[in-house]
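*Asks:* One structure is given below, represented as structure tokens, and several questions about it will come after.
The values are calculated or read from the model by the stated rules, or taken from the named source; none is laboratory data. Quantities reported herein were computed from a predicted structural model and do not represent experimental measurements. No Cβ is skipped: glycine too gets one built from the backbone with ideal geometry, and neighbour counts run over all protein chains shown.
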Amino acid sequence: MKFDKGIAKKYRKSVEDAFDTILEHGTDLQKHIANHIVKSKMLVRVGPVSEIKASGVTGLIDPAATNEKIAEERIGLREALGEVYIAIAEETIDTGGQRGCEGTFVHEGRHAYDFARTIESFSNSDVNPLSLFDPTLYELELEAHKISGDYMLCINKPEYIDEGLGLMILGRNDNVSPCFVSDEGIHKRLCDSYGLTPDGNQGPRASEMLGLHLK
């Protein structure tokens with residue numbers, strides 16, 4: 001993992017601390033993804049929300065260069081992560097603290113991981129076309145929301161649980177019952193906030209969002 005130039009020390013430390021916490025307290029899958037990211041050359045950017053337009057966003061550093069690599073070579077997962085950036089808004093850290101930073105990198109980290117899997121599969125599509133990985137936006141967001149819910153339950157602190165309930169990522173049958181990742185709540189959130197449905201509009205595929213081309 002590498003940082004863009006000019007990032008203030010407090011933001012850099014917040015990101016580093018977030019990954020340390022995920023690696024220490026996350027689920028096996030969260031640790032797996034975080035470990036790949038930390039050991040890769042994935043780029044971390046930090047900027048005002050007015051520029052990023054979200055609490056966090058994931059994309060390609062240089063789509064043209066990535067497509068050139070896909071056309072000319074085989075790209076492994078960790079190398080593919082080096083084609084990806086995650087940008088987090090300064091306000092996410094300023095307002096949400098470590099909870100906001102951790103949550104963003106769990107959610108966006110899943111996107112980065114899935115984008116890297118897409119890049120890897122595209123680079124191998126000429127020899128292994130049946131293994132092509134190119135999820136829809138609905139599928140990407142479903143997995144990112146689920147892993148976020150799993151993380152909230154894993155940390156199990158009131159502020160994490162309250163956020164999960166507020167976002168409909170977590171559910172609870174009553175005030176004394178344990179919380180759970182709510183498939184129903186996530187589906188409703190994806191429908192209401194993103195206009196996505198599993199049986200209707202699933203949105204563009206990852207390759208369309210990233211501008212990737214097959215060999």
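*Asks:* Checking the conditions here, which among 152, 168 is buried (at least 17 other Cβ atoms within 10 Å of the Cβ), in contact with a Gly (Cβ under 9 Å, 6 or more places away or on another chain), without any contact (Cβ under 8 Å) to a residue 60 or more places away in the chain and part of a loop (DSSP other than H, G, I, E, B)?
*Replies:* Only one candidate qualifies: 168.
*Asks:* I'm told residue 126 meets every condition in (1) modelled with pLDDT of 95 or more; (2) surrounded by fewer than 17 Cβ atoms within 10 Å (Cβ to Cβ); (3) in a loop (DSSP other than H, G, I, E, B) except one. Can you identify the failing condition by its number?
*Replies:* (1)
*Asks:* Testing residue 175 on (1) farther than 30 Å from residue 76 by Cα; (2) at pLDDT below 95; (3) part of a helix (DSSP H, G or I), one condition comes back false. Which one is that?
*Replies:* (3)
*Asks:* Are there any pairs with C-beta distances below 9 angstrom linking a residue in the range 131-144 that is without any contact (Cβ under 8 Å) to a residue 12 or more places away in the chain and hydroxyl-bearing (Ser, Thr, Tyr) to a residue that is outside any loop (DSSP other than H, G, I, E, B) and buried (at least 21 other Cβ atoms within 10 Å of the Cβ), with the two at least 6 apart or on different chains, and if so which?
*Replies:* Every condition considered, the pairs that remain are 131/121.
*Asks:* For the range 1-95, give me every one of the helices (runs of 4 or more DSSP H) that falls completely inside it and has 3 or more residues that are more than 16 Å from the chain's Cα centre (by Cα) and loosely packed, with under 15 Cβ neighbours inside 10 Å.
*Replies:* Passing ranges, in order: 9-25, 63-72.
*Asks:* Name the residue, out of 213, 187, that is under 23 Å from residue 135 (Cα atoms) and part of a helix (DSSP H, G or I).
*Replies:* 187
Each row is one residue, and each column tells you yes or no for (1) basic (Lys, Arg); (2) surrounded by 15 or more Cβ atoms within 10 Å (Cβ to Cβ); (3) over 19 Å from the mean Cα position of the chain (by Cα).
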| site | (1), (2), (3) |
| --- | --- |
| 105 | no, yes, no |
| 117 | yes, yes, no |
| 198 | no, no, yes |
| 205 | yes, yes, no |
| 208 | no, no, no |
